[in-house]
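Asks: Structure in structure tokens, see below.
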Amino acid sequence: MAKKSVNKVTIVGCGPGSRKYLTGYAIHQISNAEVLIGSRRLLALFPEADAETYVLSNNYKLLITRIASLSKKKKRVVVLVSGDPGFFSYSKLIVDKIGIEKCEVIPGISSVQLAFAKIGRTWNDACFMSLHGRSAKLAAVVKKITDNAKVAVLTDNANNVKLIAKKLLETGIKEKRIFVCENLSLEKERIREFDVSSILKIRVSDLNVIIFLDED
Ligand SMILES: C[S@@+](CC[C@H](N)C(=O)[O-])C[C@H]1O[C@@H](n2cnc3c(N)ncnc32)[C@H](O)[C@@H]1O
């Protein structure tokens, strides 16, 4: 009898967070999952899913080993990641660990794509960096913003736009337009524009994309 092949682990880019931005193929693969893995926020998008679920938080390294062993048991494993899996994503750790030949990666709409759409600018000429979970990158992010006319930065609660603005001012950079794009596609979505010094006074939600522009 032919040996049943191992199921590929499906990594699904779930877009910025609202179901309306999911692709039809993503929904199809999620509805066929036997095991569904993702953050609480992403799992909550699929209350109808009839699958064993694992919540992804700071257990992400441990979960990779679990993902690899579940797929060897021929389970249909689907991992939900935010935005696009090719953009600062947990997807990379999974693919590096178990190999692309054992994965199927389904693209999603990135938070930066939606941010650029919202402010009506192109992103083909932009640079990208992430400070999400990486305070060590602050100096590199500031240099990138200083040296380039269009830069999008992913930030988080701790590594936030105020830290960047403070460093920019210390470096003598005052003339950037800054777009703060919060909770994209979600209920509390908000797109605001500031200059470098006024950013220091505002409150920003944890989930945000910041776009720095040299424009009059
Ligand atoms: C681990 S990264 C994942 C990025 C994702 N792969 C993408 O393509 O958008 C998480 C960061 O993405 C950004 N992000 C994700 N969803 C967002 C949303 N709905 N609104 C604003 N920013 C979002 C935030 O900067 C967050 O800290």
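Asks: With each pseudo-label sitting 7 Å past Cα toward Cβ, what's the S135-R177 distance in nm, one decimal?
Replies: Here the answer is 3.3 nm between the modelled labels.
Asks: With the radius of gyration and the Kirkwood radius both derived from the Cα set of the stretch 112-213, what is their ratio Rg to Rh?
Replies: So for the stretch 112-213, dividing Rg by the Kirkwood Rh gives 0.92.
Asks: Given R₀ = 35 Å, FRET efficiency for E34-E187 by Cβ-Cβ distance, to 0.05?
Replies: With R0 = 35 Å, the Cβ-Cβ based efficiency is 0.70.
Asks: Contour minus end-to-end for L169 and C127, with contour as 0.36 nm per residue of separation and end-to-end as the Cα-Cα distance?
Replies: Length gained between L169 and C127: 13.1 nm.
Asks: If you add up the charges near I27, with Lys and Arg at +1 and Asp and Glu at -1, over every other residue whose beta carbon is less than 13 angstrom from its beta carbon, what do you get?
Replies: Combined, the nearby Lys, Arg, Asp and Glu give +1.
Asks: Taking 0.36 nm per intervening residue step and subtracting the Cα-Cα distance, what contour gain separates D50 from K74 on full extension?
Replies: 6.9 nm is the gain from fully extending D50 to K74.
Asks: Show me the ranking of peptides 167-173, 25-31 by mean Cβ neighbours inside 10 Å, starting with the highest.
Replies: Final packing ranking: 25-31, 167-173.
Asks: Still on this structure: With Cβ to Cβ distances under 11 Å as the rule, what net charge do the other residues near K144 carry (K, R +1; D, E -1)?
Replies: Spelling it out: positives minus negatives among the neighbours equals +2.
Asks: Can you give me the Rg/Rh ratio for the chain, using Cα atoms for both radii and the Kirkwood formula for Rh?
Replies: Reported Rg/Rh (Cα atoms, Kirkwood Rh): 1.03.
Asks: Sticking to Cα atoms, compute the Rg of the stretch 9-109 to one decimal and its Dmax as the biggest Cα-Cα distance, whole number, in Å.
Replies: 12.0, 33
Asks: Between I202 and N59, what is the spin-label point distance in nm, taking each point 7 Å from the Cα along the Cα→C-beta axis?
Replies: 3.7
Asks: Separate question: Suppose only helical runs count, i.e. DSSP H with n ≥ 4. What mean residue ellipticity at 222 nm does that imply for the chain under -39500 (n - 2.57) per run, divided by all residues and rounded to the nearest 500 deg cm²/dmol?
Replies: Roughly -8000 deg cm²/dmol at 222 nm, from the helical runs in the chain.
Asks: A further question on this structure: Normalising by the residue count of the stretch 103-208, find the relative contact order in percent from Cα pairs under 8 Å and 6+ residues apart.
Replies: Computed value for the stretch 103-208: 24 percent relative contact order.
Asks: Here's another thing I want to ask about it. Near R66, within a Cβ-to-Cβ distance under 13 Å, what is the net charge of the other residues, with Lys and Arg +1 and Asp and Glu -1?
Replies: That sum, taken over residues with Cβ under 13 Å, equals +4.
Every read-out reported here was derived from the displayed coordinates using simple, explicitly stated rules and does not represent laboratory data. Being a predicted model, the structure only gives us computed values, none of them experimental. Cβ atoms come from the backbone with ideal geometry, glycine included; neighbour counts cover every protein chain shown.
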